[in-house]
1. In a Gaussian network model over the chain where Cα atoms closer than 10 Å are linked, find which of Asp58, Asp83, Asp72 has the largest mean-square fluctuation.
2. Just the number please: accessible area per residue for the chain, 1.4 Å probe, all protein chains included, in Å².
3. If you take the charge dipole of the chain about its Cα centre, with +1 on Lys and Arg Cβ and -1 on Asp and Glu Cβ, which of Thr68, Gln39, Ser17 is farthest toward its positive end?
4. Can you give the extra length, in nm with one decimal, that the chain gains between Thr112 and Gln3 once fully stretched, where that is 0.36 nm per residue apart less the Cα-Cα distance?
5. Count charges around Ala14 for me, please; just the other residues with Cβ under 11 Å from its Cβ, Lys/Arg as +1, Asp/Glu as -1.
6. Find the eigenvalues of the gyration tensor of the Cα atoms of segment 1-101, then list the square roots of 5 times those eigenvalues as equivalent ellipsoid semi-axes, largest first, in whole angstrom.
Amino acid sequence: QVQLVESGGGLVQAGGSLRLSCAASGSIFSINAMGWYRQAPGKQRESVAMINRSSRTDYADSVKGRFTISRDNAKNTVYLQMDSLKPEDTAVYYCAALAVAGIFWGQGTQVTVSS
């Protein structure tokens, strides 16, 4: 089992920045990749950014050049630095761990970008 605890959401004006954090615990060794998904009201959950064991990253086209995913292995923590935020980035952001036993999710953190 993997437990994920997120932090860092909030309200920001368009053009501003936020940094999300996701601390993992439990069966850390079984995690192949970690990342962030988001779900806006009335929309499906979508992948935002992923980082694997080799620190290879992948981003949704809508956030490329604005968001940066990184990891601190010593702290078992993954970060999502979000810059140049837009109102369409408003959503609940979920941390995810892709492990041998399946996908584990954090509780979600609200990000609201005002215009």
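1. Comparing Asp58, Asp83, Asp72 in the GNM, the peak value goes to Asp72.
2. On the way: 6070 Å² over 115 residues.
For the chain, the per-residue accessible area is 53 Å².
3. Thr68
4. Values: separation 109, 0.36 × 109 = 39.24 nm, distance 2.48 nm.
Roughly 36.8 nm would be gained on extension.
5. Numbers: positive: Lys86; negative: Glu88, Asp89.
Once positives and negatives cancel, what remains is -1.
6. Working: eigenvalues 105, 37, 33 Å².
So the three semi-axes of segment 1-101 are 23, 14, 13 Å.
The values are calculated or read from the model by the stated rules, or taken from the named source; none is laboratory data. Treat the numbers as computed from the prediction; the structure is a model and nothing was measured. Positions of Cβ are generated from backbone atoms using ideal geometry, with glycine treated the same way; all protein chains shown enter the neighbour counts. Calculation scope for accessible area: heavy atoms of the full protein, side chains included, ligands and nucleic acids excluded. Shrake-Rupley method; radii C 1.70, N 1.55, O 1.52, S 1.80 Å.
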